[in-house]
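Read the figures in this text as sums done on the coordinates, not as results from a lab. This one's a predicted model, so the numbers in the text were calculated from it and none came from an experiment. Neighbour counts are summed over all protein chains in view; Cβ atoms, including those assigned to glycine, are modelled from backbone coordinates with ideal geometry.
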Amino acid sequence: MKKLTALDLSYGAIFIGLMAIGANITVWLPFLAIPIAGVSVPLSMQTFFSILAGLLLGKRLASWTMTSYLIIGLIGVPVYANMQSGPAPFFGYTGGFLFSFIVVAFVTGALIENISKITLGHSITVALTGVLINYLIGVTYMYISMNTWLGLEVSYGAAWLSMFPFLIKDLGFAVIAGTALLKISSHLPSLHQRAS
Amino acid sequence: MSSKIIIGQYVPSNSVIHRLDPRVKLVTVFLFVIFVFFANNTLSYGWLSVFAITSALLTKINLKYIIRGLTPIWFLVIFTFLLHLFVTHEGQILFQIFGLPIYSGALIQGGAISLRFFLLILMTSLMTLTTTPIEITDAIELLLHPLKKIKFPVHELALMMSISLRFIPTLMQETEKISKAQASRGVDFKTGPLKERIQAVVPLLIPLFVGAFKRAEELAMAMEARGYQGGEGRTKLRELSIRRLDWSAMLVFLVVIIGLFLFRQ
């Protein structure tokens, strides 16, 4: 196995920072808080950044980066959504989304690595796959957690329905992630080699 | 906005808990999180609560501050308690609220689960209140060291975490600067449909990415210029050592665990 270089580590660290910003993006962009049923719900861009990590860093570095992101939050740095930290977010009903970022980064990275010549269609398809994996794991965990330790009886369909507005948002961001990949990689030659 | 954001909740002090080796704290908290699930009666819960509250007092951190740090959790604790109050139907009916019967079993079970949650969060937050994130990453690196055998890049991940601790505040400042710069150029989507709001993120993202990657590349170059070659043969500025205080803390914790198993049914 190839050793992680200084450049890999710096990119990883940057993505941990981007994940922290993405989780709390409404602090800087208040217009991303969407009113749903009268309550202003802050959107997060974690899914977007985990997909982009997979696309830009490749499966190995990206999944290690996401693992580090989760550990950093676990040891008390407020990098999760709403400036949360510690083990509590993992026990909540959205904890599955946190775990899924590792899988999302790995799968999107693995998929993009297998494509020799990346087109816009490819990168968007891969990004959309990432979102689906994110929600498949996240919503299933939500269903399981609600029906076991949180003691709520909710059907699987209802769990999906409650996350549907967020799914739309993340699909939208995924399209941007796919487009951004090609834009960014042409800006930075070092990433360009990796991306294509 | 970003001035409100404090990275890490560490409160500097020189208490007994602060001086403990971070590895000892990490392992103790980890074991506590597991053993708290073994408590099953008043005595064992009480025993663990005494341990947790004594530890909290020993940190010499203002109790108000600790409680305030737990604010996001109160909601969950109270929510689980109320949920059990209305869902569980065991034991005798104690009284009725708006025609809903409240069972004694529900009170006990709801109380127990809320207390367990509270203890979990209290102990883990004591860890981060008394230990700097750098100390914790050092401790994680040393504790996970055996995993190197199975090709788990322990040193690299610990270093990546330390670098990111340095980068997170910088990136946050940069985000704020860019969003203000773009606002001054007239980028303003305070309202509008979801699609437009999502697209409005692009003018923020592109400069943020380009800036961040430039930073990463400069850092990597600086690391290589100083001869960074990975973990092999690297020495540390802060060496961790297990002292008498740490041994006694471990002994106390062992007594707590033995007590737990004596008191539980």
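Please compute the volume of the convex hull spanned by the alpha-carbon atoms of the range A:15-91 and report it per residue in Å³. Please report the intermediate quantities before stating the final value.
Working: hull volume 7.5 nm³, N = 77.
In the range A:15-91, the Cα hull volume divided by residue count equals 97 Å³.
For A:W28, A:W160, B:W74, what's the fewest-to-most ordering of other Cβ within 10 Å of each Cβ?
Values: A:W28 19, A:W160 16, B:W74 13.
Fewest-to-most Cβ neighbours within 10 Å comes out as B:W74, A:W160, A:W28.
So what's the net charge close to A:S50: Lys and Arg +1, Asp and Glu -1, counting the other residues with Cβ under 14 Å from its Cβ?
With Lys, Arg at +1 and Asp, Glu at -1, the neighbours total 0.
Plugging the Kirkwood radius over Cα pairs into Stokes-Einstein for the range B:26-148, at a temperature of 4 °C and a viscosity of 1.567 mPa s, what D comes out in µm²/s? Write down the numbers at each step before the final one.
On the way: Rh = 16.5 Å.
This corresponds to a translational diffusion coefficient of 79 µm²/s.
Give me the net charge for the shell around A:N134: Cβ to Cβ below 13 angstrom, other residues only, Lys and Arg +1, Asp and Glu -1.
0
Considering only the other residues whose Cβ falls under 14 Å of the Cβ of B:L165, what net charge follows from Lys and Arg at +1 and Asp and Glu at -1?
Net charge around B:L165: -2.
Using alpha carbons only, how many angstrom separate the centre of the range B:81-121 from the centre of the range B:158-181?
One Cα centre to the other: 44 Å.
For each of B:T170, B:T59, count neighbouring Cβ atoms within 10 Å of the residue's Cβ, then give the residues from fewest to most.
Least to most surrounded, the residues fall as B:T170, B:T59.
Let me have the relative contact order for chain B, percent, based on Cα pairs under 8 Å that are six or more residues apart.
Once divided by the residue count of chain B, the mean separation gives 30 percent.
Rounded, prolate or oblate, given the Cα gyration tensor of the range B:103-156, with a/c below 1.5 counting as rounded?
oblate
Per residue, what volume in Å³ does the convex hull of the Cα atoms of the range B:112-212 enclose?
Looking at the range B:112-212, the number lands at 215 Å³ per residue.
How large are Rg and Dmax for the protein assembly as shown when calculated on the C-alpha trace, in angstrom?
23.6, 74
I want to check the label-to-label distance for B:E232 and B:F86. Put each point 7 Å from Cα in the C-beta direction and report it in nm to one decimal.
6.3 nm
For B:Y103, list long-range residues whose amide hydrogen, built 1.01 Å from N in the peptide plane, is under 5 Å from its own amide hydrogen.
Those lying under 5 Å, H to H, from B:Y103 are B:L94.
Let me check against my output: what whole-number percent is the relative contact order of the range B:121-230, with C-alpha pairs under 8 Å and at least 6 apart? Intermediate results must be reported in sequence, preceding the final value.
Details: 33 pairs, mean separation 22.7, N = 110.
RCO, the range B:121-230: 21 percent.
To the nearest Å, what is the center-to-center distance of the range B:199-265 and the range A:86-104, using C-alpha atoms only?
Going from one Cα centre to the other spans 20 Å.
For B:K180, which lysines qualify as cross-link partners when the Cα separation must be under 29 Å and same-chain residues fewer than eight apart are set aside?
Answer for B:K180, where 29 Å is the Cα cut-off: A:K169, A:K183, B:K4, B:K190, B:K195, B:K214, listed by chain and number.
Order these by the 10 Å Cβ neighbour count, fewest first: B:V29, B:V202.
B:V202, B:V29
Classify the range A:1-144: rounded, prolate or oblate, from the alpha-carbon gyration tensor (a ≥ b ≥ c, eigenvalue square roots; a/c under 1.5 rounded; otherwise prolate if a/b is larger than b/c)?
Here the range A:1-144 falls in the prolate category.
Binning at 5 Å from 0, report for chain B what percent of all alpha-carbon pair distances ends up in each bin.
Values per bin, smallest distances first: 1, 5, 9, 11, 12, 12, 11, 11, 10, 8, 6, 4, 1, 1, 0.
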